[in-house]
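S.K.: Mind having a look at this structure? Questions to follow.
The values are calculated or read from the model by the stated rules, or taken from the named source; none is laboratory data. This one's a predicted model, so the numbers in the text were calculated from it and none came from an experiment. Virtual Cβ from ideal backbone geometry, glycine too; neighbours counted across all protein chains shown.
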Amino acid sequence: MIDVRWAPDIALAIVLTLAGCGVIDSGPAVAAVGQPTEGCTTNIPGLGDKTEWHFSPAPNGGWDWDCDGLVSQQYSVSTYVCHELVDEASCDNAPAGSYLLNPTECGASGPIQDMTCQWAGTLCMPVFQVPTTVKQGCR
């Protein structure tokens, strides 16, 4: 039994940690990658929306806010390259994207760049915007 009269915030953190909220890499119940974490729950009042991107860890230090066994990052490092598109129609209709220039940990800030593709005679070429800084959201 925890006496919450002297430290209600600590007691809440202990209860959330024991509930398994956001845990995928600590505690007794560890999920295989991509598998729901046993005992993980998102149904704790005041915890936060599991469908939103979060910029700080759950009260127990985990980043798996939606309890799916994965830590999903909002932004990724680009693997999409325009030169793989071999015709004008696919190049000009390629979706624009925003990509991190460097791998960025959850909650940290990193440079991001918007990119589109543009046909240049015989090649599809990337068109880059000036990089900006974003915070890496996770869930």
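S.K.: Anything in segment 54-88 that is under 21 Å from Met125 (Cβ atoms) and either outside any loop (DSSP other than H, G, I, E, B) or at pLDDT below 85 (or both)? List them, or say none. Can you show your working first?
M.R.: Keep residues of segment 54-88 that are under 21 Å from Met125 (Cβ atoms), which gives 77-88.
Across segment 54-88, the qualifying residues are Val77, Ser78, Thr79, Tyr80, Val81, Cys82, His83, Glu84, Glu88.
S.K.: Can you name every residue in segment 119-135 that is under 27 Å from Asp64 (Cβ atoms), surrounded by 12 or more Cβ atoms within 10 Å (Cβ to Cβ) and touching a Pro at 6+ places or on another chain (Cβ under 9 Å)? Spell out the reasoning first.
M.R.: Here is the first cut: in segment 119-135, the residues under 27 Å from Asp64 (Cβ atoms) are 133-135.
Pick out the ones that are also surrounded by 12 or more Cβ atoms within 10 Å (Cβ to Cβ) and you get 134-135.
Of everything in segment 119-135, just one residue is under 27 Å from Asp64 (Cβ atoms), surrounded by 12 or more Cβ atoms within 10 Å (Cβ to Cβ) and touching a Pro at 6+ places or on another chain (Cβ under 9 Å), namely Val134.
S.K.: Now a separate question. Of the residues that sit in segment 74-97 and are surrounded by fewer than 16 Cβ atoms within 10 Å (Cβ to Cβ) and among the hydroxyl-bearing types (Ser, Thr, Tyr), which one is farthest from Ala58 (Cα to Cα)?
M.R.: Ser90
S.K.: Could you count how many residues in segment 90-136 are part of a strand (DSSP E or B) and without any contact (Cβ under 8 Å) to a residue 40 or more places away in the chain? Lay out the reasoning, then the answer.
M.R.: The initial filter retains those residues of segment 90-136 that are part of a strand (DSSP E or B), namely 97-100, 109-120, 123-128, 132-135.
Next, from what is left, pick out any that are without any contact (Cβ under 8 Å) to a residue 40 or more places away in the chain: 97-100, 109-120, 127-128, 132-133.
Number satisfying all stated conditions: 20.
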